[in-house]
Every structure is written in C-alpha cells, then in structure tokens.
1. Before we move on, is residue 64 surrounded by 13 or more Cβ atoms within 10 Å (Cβ to Cβ), touching a helix residue (DSSP H, G or I) at 6+ places or on another chain (Cβ under 6 Å) and at pLDDT 50 or above?
2. Identify the single condition in (1) in a helix (DSSP H, G or I); (2) open to solvent by less than 50 Å² (accessible area, probe 1.4 Å); (3) at pLDDT 95 or above; (4) over 27 Å from residue 164 (Cα atoms) that residue 37 does not satisfy, given that it satisfies every other one.
3. Of the residues in the stretch 152-177, how many are out of contact with any Lys or Arg (no Cβ under 8 Å at 6 or more places or on another chain) and touching a residue at least 40 places away in the same chain (Cβ under 8 Å)?
4. Starting from the stretch 1-28, keep only residues that are closer than 14 Å to residue 172 by Cβ, then list their pairs with residues that are of a type in the set (D, E, K, R) and loosely packed, with under 13 Cβ neighbours inside 10 Å whose Cβ atoms are within a distance under 8 Å, requiring at least 6 positions of separation or different chains.
5. Can you say whether residue 26 is surrounded by fewer than 11 Cβ atoms within 10 Å (Cβ to Cβ) and at pLDDT 95 or above, as far as the supplied structure shows?
Amino acid sequence: MDEQPVSFSVEYPDRPLNRLTTAFRIFTVIPIAILLGTIGGYQASYSGGAGDASTVAAGGTGLLFLPPLLMLLFRQKYPRWWFDWNLELLRFTNRVGVYFGLLTDRYPSTDEQQSLQLDFAYPDAERDLNRWLPLVKWFLAIPHYVVLFVLYVGAFFVVIAAWFAILFTGRYPRGLFDYVVGVARWHNRVVGYAFILITDKYPPFRLAP
C-alpha cells in the first residue's frame, strides 16, 4: 500500500471509557468548541442611532487557503509559519472532533497531541508542488466531497450506536471505532490536498491508512 502525504491515526482506548462524560458529551464539548470557533473568527454588524453602522470583528483566521494559493501561484513558496499554523490548527480541530465522536474521553488539549496522530511533511514548493494546480484542486476533489457526504451520514449513526455501547459496556466497539477513524482520515487527506495545499498527490478513495 502506497504511503500517503497525510498520516492520521487515533489510539484505540483499550480500557473502560468514562460513561458519565460520554452520556453528556454534547454538553461537555461546548467550552472547547467555543474556543475553537473563536479561532475561525467572528464578525457582527449593528446599527446605532442616526443610521450609524458599526462592525465588530474578533478571533483568528481559521485554516489558511487563499494566502498559500497566491504564494504558490506567484512565488512558488509556502511560508513555513503558514504551514505550521495549518498543521497545528488542523490537529486541534481533530482533537475536538475525536472527543466529540466519543473516540476518547480525554478532554481536548490545545497543544498536546494526546491519542491523536496527524502529520504531513513540509513541502518543497518549487520541487513538490505545481504552481497552477492549486487553482483547480478544490474542483478536482468534488468526487471526494460526494463520497464523504455519504460517509459522514454513516458516521453519524455509528457514533450514536457507539454512544449506547459505551453507556452499557464502557467500550467503543472496535469495528465502529475503525470506521469513524477511517472517515476522519479520508477527510484530512482531502483537506491536505484541496484546501491547505501541502501535496499534489490525489487522495485515495479508502478508509485505511
């Protein structure tokens, strides 16, 4: 099996999971989800008296897509700190997703990798990346969007089944666990290819590593 530019795995919790936090996961995830949401930025407008209008903006920028695209197009460069930002934010986003998907009962850290491993190599833009391909990668990935939509629906029902399994047995059934991790792996490969532009290698249509 060929090695993929984006590697993703989650350590299987071979132990009883916390049933109480599992039961109320939809509530316990709220604080860290709010924090994650602020990184994506927030903007609001309101009107004052005499027709005055004001805009308030807060938060960060989310994953960087357009800046790397323009730099690759015109300079064939991918600034290292943009790469590091995207990698660390994607890791954080996935830690929150892993927790919400019941794959772990450890509360998501903002900086430690915990049970999740997500990595991809820093690309040599001139050697490894086609300067024109970023303009169409999002379009070329359309077949993946269609398949991922179906997989997301399946993952939704799998997580519900796992929720009941954990409440009654304390364990996440291994087959269900592997499916959810596989969907997340597929998702991250598409993000790496089409949105953060760290590879020109087209993602495979598979759940496995």
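1. yes
2. (3)
3. Matching residues across the stretch 152-177 total 7.
4. These pairs meet every condition: 12/174.
5. Values: surrounded by fewer than 11 Cβ atoms within 10 Å (Cβ to Cβ): yes; at pLDDT 95 or above: yes.
Yes, satisfied.
The values are calculated or read from the model by the stated rules, or taken from the named source; none is laboratory data. Keep in mind that this is a model prediction, so the values were computed, not measured. When we count neighbours, we look across all protein chains shown, and the Cβ atoms used for this are built from the backbone with ideal geometry, even at glycine. Quick note on the areas: whole protein, heavy atoms, side chains included, nothing else; ligands and nucleic acids left out. Shrake-Rupley method; radii C 1.70, N 1.55, O 1.52, S 1.80 Å.
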